[in-house]
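Here the structure is laid out as structure tokens; the discussion comes afterwards.
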Amino acid sequence: MVENFDRIVLAVPDLSAACAQYRDILGGETYFTHAENQGRCAWWGLSNTVIELAERAVDSGHIEGVVFSAPGEQQQKRGVANTLGVDIGLCDGSATSAFRQRQPEAQCGDLCVDHVVLRTADAQACVDLFTGELGIRLALDKTVPQWGGRMLFFRAGKLTLEVIESGGDEKAAPAFWGLAYQCEDLAGFARTLAARGVAISDIRDGRKSGTRVATLKSHDLGIPTLLIQPAK
């Protein structure tokens, strides 16, 4: 059964250009490696997962998929077939563990991933896949029309997969949609980003009581990206 989010894979049309932008957000050095039979990619280590940028024949950046770590799996990613048609993989986590030990300069201590967002028209299929097949805990299931509809929160390690069932266009294919990064001092991090030329929105109150949030306005690779300061 799944233990952690091993890495989140972002597909980009130009790896060098994407790395130059994302380095201004995450800081640290870029670690270049090769994904399983898929060419060159770049890794950054966060406290609760690894962000992987992978060059693909795409028009703009998007979240390609998520790789989970689970006991008994192989080092190489194994794809998980699913009725949603989203890119889900399993591995044993050893490659990213070695990366954390051998590449300390590529570890980013200021941020972690708070959650990754998946949009779908079939929430039950997500429950069947993530909890029924992969054993990921469904921490919360609620309907909030003003936030988009039914929302599911699957929790593994210290990261959340947020699923939004909008109930709108049922023909739209399920897809990973956005990312949220967490930092302890959002105002201070905003100043750091500004010094690096990264544009963000004004800081505002978050949906969860006590949180503060801001939205990236540049350097996001075309992926909706939120910055969150947790409640004290």
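Every read-out reported here was derived from the displayed coordinates using simple, explicitly stated rules and does not represent laboratory data. A quick note: this is a predicted structure, and the numbers were derived from the prediction, not measured. Here Cβ is always computed from backbone atoms with ideal geometry, including for glycine, and neighbour counts include all displayed protein chains.
Near residue 4, the amide H atoms lying under 5 Å from its own belong to 69; only residues 5 or more places off or on other chains count, and H is placed 1.01 Å from N. A cut-off of 5 Å between modelled amide H atoms, ignoring neighbours fewer than 5 places along the same chain, links residue 118 with 162, 163, 164, 177. Secondary-structure-derived ellipticity at 222 nm for the chain, considering helices only, amounts to -4000 deg cm²/dmol, per-run term -39500 (n - 2.57) for DSSP H runs with n ≥ 4. Once C-alpha pairs closer than 8 Å and six or more residues apart are averaged by separation and normalised to the residue number of segment 4-106, the relative contact order reads 32 percent. Highest-first packing order for the peptide set 108-117, 45-54 is 45-54, 108-117, based on the mean count of other beta carbon atoms within 10 Å. Cα centroids of segment 1-46 and segment 170-232: 19 Å apart. Stokes-Einstein diffusion for the chain at 20 °C, viscosity 1.002 mPa s, with a Kirkwood radius from C-alpha pairs, works out to 118 µm²/s.
Its Kirkwood hydrodynamic radius, worked out from the mean inverse distance over all distinct Cα pairs, puts segment 112-229 at 15.4 Å. Other residues whose C-beta falls under 11 angstrom from the C-beta of residue 131 contribute a net charge of -1, scoring Lys and Arg +1 and Asp and Glu -1. Considering the options 228, 79, 67, tell which one lies farthest towards the positive end of the dipole of the chain, charges being +1 on Lys and Arg and -1 on Asp and Glu at the Cβ, about the Cα centre. The Cα lying farthest towards the positive end belongs to 228.
Across all directions, the shadow cast by the convex hull of segment 6-136 built on its C-alpha atoms averages 8.3 square nanometres.
In a simple Cβ point-charge model (Lys, Arg +1; Asp, Glu -1; nothing else charged), the chain has a dipole of about 540 debye relative to its Cα centre. Ranking 187, 199, 117 by Cα position along the charge dipole of segment 112-229, where only Lys, Arg, Asp and Glu carry charges on their C-beta atoms, puts 187 farthest toward the positive end. For segment 69-80, the Karplus equation 6.51 cos²θ - 1.76 cosθ + 1.60, evaluated at θ = phi - 60°, returns couplings of 9, 8, x, x, 7, 8, 4, 6, 4, 10, x, 10 Hz by residue, with Gly and Pro reported as x.
Of all DSSP-defined beta bridges confined to the chain, some 70% are antiparallel rather than parallel.
With contacts defined as alpha carbon pairs under 8 Å and 6 or more residues apart, what's the relative contact order of segment 112-229 in percent? The value is 26 percent.
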